[in-house]
1. Starting with the fewest neighbours, write out L237, L28 ranked by other beta-carbon atoms found within 10 Å of each beta-carbon.
2. Could you check the spin-label model distance between A211 and V223? Points 7 Å from the Cα along Cα→Cβ, value in nm.
3. Taking 24 Å as the cut-off for C-alpha to C-alpha distance, list the pairs among K152/K179; K19/K152; K152/K208; K179/K263; K19/K208; K152/K210 that go past it.
4. Using a ≥ b ≥ c from the Cα gyration tensor of segment 198-270 (square roots of the eigenvalues), is it rounded, prolate or oblate, where a/c under 1.5 gives rounded and otherwise the larger of a/b and b/c decides, a/b for prolate?
5. At a Förster distance of 51 Å, what's the computed FRET efficiency of H275 paired with Q243, Cβ-Cβ distance as r, to 0.05?
6. Take the alpha carbon atoms of segment 1-27, find their center, do the same for segment 164-189, and report the distance between the two centers in whole angstrom.
7. Which residues in segment 152-174 have a backbone N closer than 17 Å to a point placed 7 Å from the Cα of Y32 along the Cα-to-Cβ line?
8. Can you grab the distance from the C-alpha centre of segment 218-267 to the C-alpha centre of segment 61-80, Å, no decimals?
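Values quoted throughout were computed directly from the atomic coordinates according to the rules given, and no laboratory measurement underlies them. All values derive from a computational prediction rather than experimental measurement. When we count neighbours, we look across all protein chains shown, and the Cβ atoms used for this are built from the backbone with ideal geometry, even at glycine.
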Amino acid sequence: MWYLVCTPVVVALRIMYFKRVGWQYFLLDFCYFVTFLSIVHVTLAPSDDRRLFRVLFIYANGPLLWAVVLWRNSLVFHDIDRMSGVFIHIMPCLLYYCVHWHGCSSSSMLLHPPPSVNYFLPPSHAQDSLDGVDFAYAIIGYLIWQVLYFVKTEVVDRAALDARPDLLTSLRWLTTDRKNGFSLLVLGLCRYGGIMGPTEAYDPRTTKTKAIFVAAQLVYTVVTFAPTPLLFTSHFLHCMYIQLIFVAAVHNGASYYFEVFAKLYHHKLLLLLQHEADDGGTTVPTATGAASTSSKGDYSDDM
């Protein structure tokens with residue numbers, strides 16, 4: 001119930017913020033597709049639909065959870081956008097952790113709980129585990145999303161996106177983010193394999209770059225599926241796994257605060273030096289390293 005109350009609020013906040021800054025195409029990403037499916041599962045799916053539960057367990061503990069690392073999600077408590085990003089990627093995992101290990105009810109039994117929810121007990125009791133069919137369904141579901149995403153961005157809205165380079169999509173973000181480890185890894189592998197030239201860079205407008213990232217995202221998704229069978233059968237490993245990703249989010253948040261306060265200190269130091277220079281008639285370096293004798297510049301807090 002808590003998940004059902006919080007998730008629509010968080011998604012609504014994301015919609016309002018993304019539309020304001022031109023990021024609305026992020027709402028088509030796989031994480032929101034999984035969020036939608038999880039709400040359907042919790043509210044509408046039959047209480048004995050074990051297959052959908054397993055597929056969503058794979059999604060939530062695979063590509064969604066690792067997106068915290070991929071997108072460098074960070075726990076920055078005063079920033080609603082960053083906190084909602086962490087929520088979107090971590091909460092489905094916590095939902096299915098609770099359902100799987102603690103027997104929390106789900107699906108349409110929210111209003112009409114069945115007499116027994118044993119199929120939600122840990123595998124050691126329910127003699128249940130992920131199998132090849134579960135992963136086949138998971139891959140099929142992912143491919144359905146990818147086809148729909150491609151049709152929307154490359155067919156239906158292609159003209160609008162070409163006319164508005166300021167509108168960001170995941171492809172545009174990853175191909176222009178010079179600090180993203182996943183993007184740099186894919187670029188290095190493509191250069192090493194001869195797919196791209198030694199000095200060739202991404203161009204999100206080209207078919208080559210689009211094909212590279214469709215393939216790379218599929219590989220990423222399948223690779224992140226790999227640990228889910230162990231998580232499904234080991235409560236200890238599942239807990240450690242979630243904590244590891246959570247620590248990554250905390251580390252990203254700490255790095256953000258460190259960077260912001262370092263910039264804050266740097267700006268204040270420059271203002272102090274500029275003030276002393278104005279009093280003494282000397283020049284001081286500006287933030288860009290150039291000499292300046294002008295009066296105090298505008299200061300804005302990056303936080």
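1. Going from least to most buried by this count: L237, L28.
2. Label at A211, label at V223, 2.1 nm between them.
3. Over 24 Å apart, Cα to Cα: K152/K179; K19/K208.
4. In terms of gyration-tensor shape, oblate.
5. Using R0 = 51 Å, I get an efficiency of 0.60.
6. About 22 Å separates the Cα centre of segment 1-27 from the one of segment 164-189.
7. 152-158, 160-161, 166-174, by backbone N distance to the label point.
8. With segment 218-267 and segment 61-80 each reduced to a Cα centre, they are spaced 7 Å.
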